[in-house]
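Please read the structure below before turning to the comments.
The values are calculated or read from the model by the stated rules, or taken from the named source; none is laboratory data. As the structure is a prediction and not an experimental result, all values here were calculated from the model. As a convention, Cβ positions derive from the backbone with ideal geometry for all residues, glycine included, and neighbour counts pool all protein chains shown. Note: areas computed on protein heavy atoms with side chains; ligands, DNA, RNA excluded. Shrake-Rupley method; radii C 1.70, N 1.55, O 1.52, S 1.80 Å.
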Amino acid sequence: MSKSKQVLSSSLGKKLIMSLTGLFLCSFLVVHLIGNLQLFYNDQGKAFNDYAYFMTHFTPIKIISYLLYTSIVVHAIYALVVTIHNRKARPVGYAVYRGSENSAWSSRNMGILGTVLLVFIVTHMSNFWWKYHNDSVPYVEYRTDLKTNQTTVTELVAGEFTEYVSYVDNEVEVIKAKDLYKQVAFAFKEWYLVAFYVLGMAALSFHLIHGFKSAFQTLGFDNRKYIPIIRFLGIWIFGVVIPIAFAAMPLYFYFLK
Amino acid sequence: MSGNMNLTLKVWRQKNDKTRGKFITYQANGISQDMSFLEMLDVVNEDLVRKGEDPIYFDHDCREGICGMCSLHINGRPHGPKQGTTTCQLHMRSFHDGQTIVIEPWRAAAFPVIKDLAVDRTAFDRIQHAGGYVNVNTGGVPDANGIPIPKTVADEAFESATCIGCGACVAACKNASAMLFVSAKISQYALLPQGQTERYSRAQAMVAQMDAEGFGNCTNTGACEAECPVGIKLTNIARMNREYLNAKLFKEEEAH
Amino acid sequence: MLNSKAPAGPLAEKWSKHKFNLKLVNPANKRKYTIIVVGTGLAGASAAASLAELGYNVKSFCYQDSPRRAHSIAAQGGINAAKNYQNDGDSVFRLFYDTVKGGDYRSREANVYRLAEVSVNIIDQCVAQGVPFAREYGGLLDNRSFGGAQVSRTFYARGQTGQQLLLGAYSALNRQISKGKVEAYNRHEMLDLVTIDGHARGIVTRNMVTGAIETHAGHAVLLCTGGYGNVFYLSTNAMGCNVTAAWRAHKRGAFFANPCYTQIHPTCIPVTGDHQSKLTLMSESLRNDGRVWVPKTVELAQKLRKGELKISDIKEEDRDYYLERKYPSFGNLVPRDVASRNAKEVVDEGRGVGASGIAVFLDFKDAINRMGEDTVRAKYGNLFDMYYQITDENPYKQPMRIYPAVHYTMGGVWVDYNLMTTVPGLYALGECNFSDHGANRLGASALMQGLADGYFVIPYTVGDYLAGLGFDPVDEKHPSFEKTRKEVEDRVHRLLSLKGSKTVDDIHKKLGHIMWEYCGMARTEEGLAKAKGMIQELRKEFWEDVTVLGENEELNQSLEKAGRVADFLELGELMVDDALHRRESCGGHFRIESQTEEGEAKRDDENFRYVAAWEYRGDNQPEVLHKEELEFENVKLTQRSYK
């Protein structure tokens, strides 16, 4: 067996894969959140739709996005492989097992949390990503008078839109784009979807409270000076701030828009 | 001391590794708070022998918390409800009159039950055979003070070296992973200058053997650290991960 | 008269000269020999590893589930070595001198000197193996002082020195197992020795899991099976420690030396009731700061025991700090045997404390007042925690209760300077032999001896024997193997046929009581004679009325225990015989009839300056005494005094 194959099939190698893909997904969350914060701009989605186009058409980002999809798939598959392996390691279970006495709930339920997240990701992508890529979202035209900074928004019908355009004509900036913003606003009027998103973010929170610091442990990071920082980031940034900020989006559209 | 506790025990009984086991209920009456858990089982066993019934088999030897022979999963936790203690050092004052106590063997594919509450832990020995040593012969070694070792390093190596090999980490882990055990040994030698020469080949060989024995994978729940009777720390696992990945990804030396 | 084969010449040159004179086995020929090592404690593991490194084929046996569990692991304090790292005047000669004196002049000079000599190599070896000894901030090894010595020569690893040393030896053993030079047999118990033409040629074992009675052949057999303290039922030994291997060898011709020399350690946690299965040692170091006392009067002690008085109700003037009173210069730091005997005395007077009345106080109140609780915690924290855990009494708030307990047996299988027993090819190492500690062992010397024997003595001396053998493999077809195997099998079946009304533990507890009462801390002619009769009665009771359940072909603890207790019953009688015949007091052997005017142990060098080695002559025959005269050319014999 070649050395790299050995690594990947070893227990620690599998952990390494879980750790690296997990951390990569964590880093994506930060970028994704910063981008999505534009949903809160009161510009009828102009910045957001612009951003959506950029993210889907800028080549380096496209490459990264495919890396991202791969990461999700690899993370999930390895999780499954590891879980099956771990089940086999204890074929006869205990009649009484009190894990709550020695470990955190989230750490023992990463599989369940991860499954919820996977369902969430599939739902989320079919709602927005798939529709965006398959012309199932409405189109919009923004005309901004650069002198007055006044923007008028016109909904376009299918025939009026061929592709994204952005130009300045006569001191009027014209942008024609897919209106993902509207799709978002539309989707988050459904209470069950909003509830599902909030649930998904709760799962994300618990998943990351354990997962973030766990990834560093797996990478062998045990420096006593920096471990407290990692723990802080894991709990407060990835476990609290990021999930709450994401959960705020559906709630914002449901209650305030 | 008066023995005034009456307990109900649900004990796993299994004749050998080829037969199926089941729980049998026993009454333990007149138990004193000052008895150790194993002495309570001694009392039950003496009664069984007098009745002509096969006594409950459990592993034990030193009964002072250091040999690592005693085990027992008691009411859902390895070595019972108290942290930082082995079953032989657990006393009946940790239980109350009328309580039901469920006693099971360690559960892991790599630790097959050999009788009742005793399991075969030779997998641990085999992992040590794979590399848990420094390659020196008797004689011809330098003076003991030839290589100074900073006190902090020596102390940390000592902390790792205090593992008693009882297997509670495997028993506690929801994945039946042996990483705390393996990492403690790898850490001890990774820290000390004497362990440097085979530092990376050792990590690779011991991890490979650990995997071959069929232990589960670590998911960093920390249950092992919480249940370890001698307080072996989770940082050992981090160090093992580092040693191993370093060896596999960046070192050219092969495991031998 | 037994010949120790100790070489002549100046003390300091004996071992070097002897090593030169020993025959060697050519490296290429070593693999033609198989050596059986029974036991995997410090002596066994170090011997097996070292011999395998030399090229011999080794078979290693232990009754535990792993070699790492041998009871050496429980040693707390440390290991002595004459390194003189502290520049405080230590030397090989001083360690030798302290050990001979501490042993009350009943050990063999040449052996003790060799022990002191190789002690320095042990520390080097262990450090090279990665044993994490305690160190100072400069990175060099730390030492502490221990009982019976005025220099700091004890190396330690917190309170777990035995564990760390054993794991070091275990790692060396593992290395040889992985190389295929050592074959390890765990959960195997040696049940007999096979001899051919008077030479040890193999052993019979029982696989404790399957019950298979197997024979194993070897050119030499090493007994590294520890001591026999469990003859007292309660001791600081592990539950499984037993004399069976040594006793079976004794019955095949190995003389048993000084069986009555047992060490009773003064600071153990007292017995709480009949359920007690073993005793836990508290490090001797506690006596550096703790003060030992009992109430002055029996009345006060009674009230205290009944709970009518609290400890704090006993006024200072009503407390008897009896060690300080009787031994003003050594006070609480008198040697182990003296401290133990005095505790027994006050308890026998009825002044003992605790519910049972079988304990004395070890009080840290003054130490806490003087140094503060934090300093006391830093020094003894782990011991205090252990005490708290076991007794549920907080030693920071109330005095500890302590009482002596059987800890170590200085007696054992007789060996010559080469560690060979009276059976050619059969060796005994570590606590199993009798050689180095005389009538009393100093603290931190047991670890030293086990490793000295295994790492640095046996690798030289076994070759001398093997070199004379020729290269033929041992003939496993020889009828002796089958005959011995059959005898073992018959014995197992005889045990399994016992269906009486007593459990094995019932008998073992009774034996323990007899031994403790009459052959414990103080012995009399009358008591010993009585004990002999009682043990014989008990042995009859065992074979008539004990019950052994189950079958051979399984893990069967009844059977294991029964075999061991049957041997303890025979050994107990020999201990009593030995104690009876030795009409002097020395070290751990205190005969009431032989004491000084102050009530201290009085030796009789004129008549008893010898090793008593007993020869087995058949069931129900009296054992025959052989003597090895002890010559002291380098130390002057004096009476010990600690006033």
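Quick look at the values:
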quantity	calculated
Volume of the Cα convex hull of chain A, divided per residue and given in Å³	181 Å³
Descending principal axes extents, chain C, alpha-carbon based, whole Å	76, 63, 48
Assigned charges on the beta-carbon of Lys, Arg, Asp, Glu; segment C:266-406 dipole about Cα centre (debye)	120 debye
For segment B:121-250, alpha-carbon Rg over 2.2 N^0.38 Å	1.04
Lys, Arg +1 and Asp, Glu -1 on Cβ, resulting dipole of the protein assembly as shown about Cα centre, debye, nearest 20	1580 debye
Rounded if a/c under 1.5, otherwise prolate or oblate - segment C:295-365, Cα gyration tensor axes	prolate
C:L498 long-range amide H proximity, modeled H, under 5 Å	C:V548
P(r) of segment C:554-643 over all Cα-Cα pairs, binned every 5 Å from zero, in whole percent	3, 11, 17, 17, 15, 12, 10, 7, 5, 3, 1, 0
Reduced Cα scattering model of segment C:486-581, Debye log10 I(q)/I(0), q = 0.13 Å⁻¹	-0.46
Alpha-carbon centroids, segment C:576-611 and segment C:350-364: separation in whole Å	28 Å
Value of relative contact order over chain A, rounded to a whole percent, pairs C-alpha under 8 Å and six or more apart	23 percent
Separation between Cα centres of segment A:95-162 and segment C:209-255, rounded to whole Å	73 Å
Reduced Cα scattering model of segment C:384-508, Debye log10 I(q)/I(0), q = 0.21, 0.23 Å⁻¹	-1.13, -1.20
Surface/4 estimate of mean projected area, convex hull on alpha-carbon atoms of segment C:26-160, nm²	10.3 nm²
Peptides ranked, highest mean first, by Cβ atoms within 10 Å: ranges C:446-453, C:108-115, C:537-544, C:90-97	C:446-453, C:108-115, C:90-97, C:537-544
Computed [θ] at 222 nm, deg cm²/dmol, the protein assembly as shown (DSSP H ≥ 4; -39,500 (n - 2.57); rounded to nearest 500)	-13000 deg cm²/dmol
Most to least packed among A:52-62, C:339-349 [average Cβ atoms within 10 Å]	C:339-349, A:52-62
Selected from B:G131, B:G52, B:G139 as most flexible by GNM, with chain B as the system and alpha-carbon contacts under 10 Å	B:G139
Peptide C:87-98, shielding by other chains (average Cβ, 10 Å cutoff)	0
Per-selection Rg to Rh, segment C:59-118 - Cα, Kirkwood hydrodynamic radius	1.12
Packing rank of C:360-372, C:251-263, where each peptide gets the mean count of other beta carbons within 10 Å, highest leading	C:251-263, C:360-372
Accessible surface, segment C:266-406, averaged per residue in Å² (probe 1.4 Å)	42 Å²
Within a Gaussian network of chain A (alpha carbon springs, distance under 10 Å), most fluctuating of A:Y197, A:Y139, A:Y164	A:Y164
Average other protein chain Cβ within 10 Å of Cβ, residues C:99-108	0
Translational diffusion coefficient (Stokes-Einstein; Kirkwood radius from C-alpha pairs) of the protein assembly as shown at 25 °C, 0.890 mPa s, in µm²/s	75 µm²/s
Within 10 Å of each Cβ in C:235-247, the average number of Cβ atoms from other chains	2
Distance from segment B:1-40 to segment B:79-129 (C-alpha centre basis), Å	13 Å
Reciprocal of mean inverse Cα separation for segment C:82-195 (Kirkwood radius, Å)	16.5 Å
Hydrodynamic radius of segment C:229-323 per Kirkwood, over alpha carbon pairs, in Å	17.0 Å
Over segment C:264-406, volume per residue of the alpha carbon convex hull, in Å³	108 Å³
Tail beyond 20 Å, pair distance distribution of segment A:175-257 (Cα, percent)	48 percent
Relative pair counts by distance (%), Cα atoms of segment A:128-191, 10 Å bins	21, 45, 26, 7, 0
Stokes-Einstein D for segment B:5-114, Kirkwood Rh over Cα pairs, 37 °C, 0.692 mPa s (µm²/s)	229 µm²/s
Selection from B:G84, B:V170, B:N145, by position along the positive dipole direction of chain B (Cβ)	B:V170
Share of alpha-carbon pairs per 5 Å distance bin for chain B, given as whole %	1, 6, 12, 16, 16, 14, 11, 8, 6, 5, 3, 1, 0, 0
Hydrodynamic radius (Kirkwood) for segment A:107-232, which is based on Cα pairs only, to one decimal in Å	18.3 Å
Cα-derived Rg over Rh, computed across segment C:406-453 with Rh taken as Kirkwood radius	0.96
Taking only Cα atoms of segment A:1-137, radius of gyration then Dmax in Å	19.4, 60
Student exercise, segment B:1-109 dipole from Lys, Arg, Asp, Glu Cβ charges, in Debye to nearest 20	500 debye
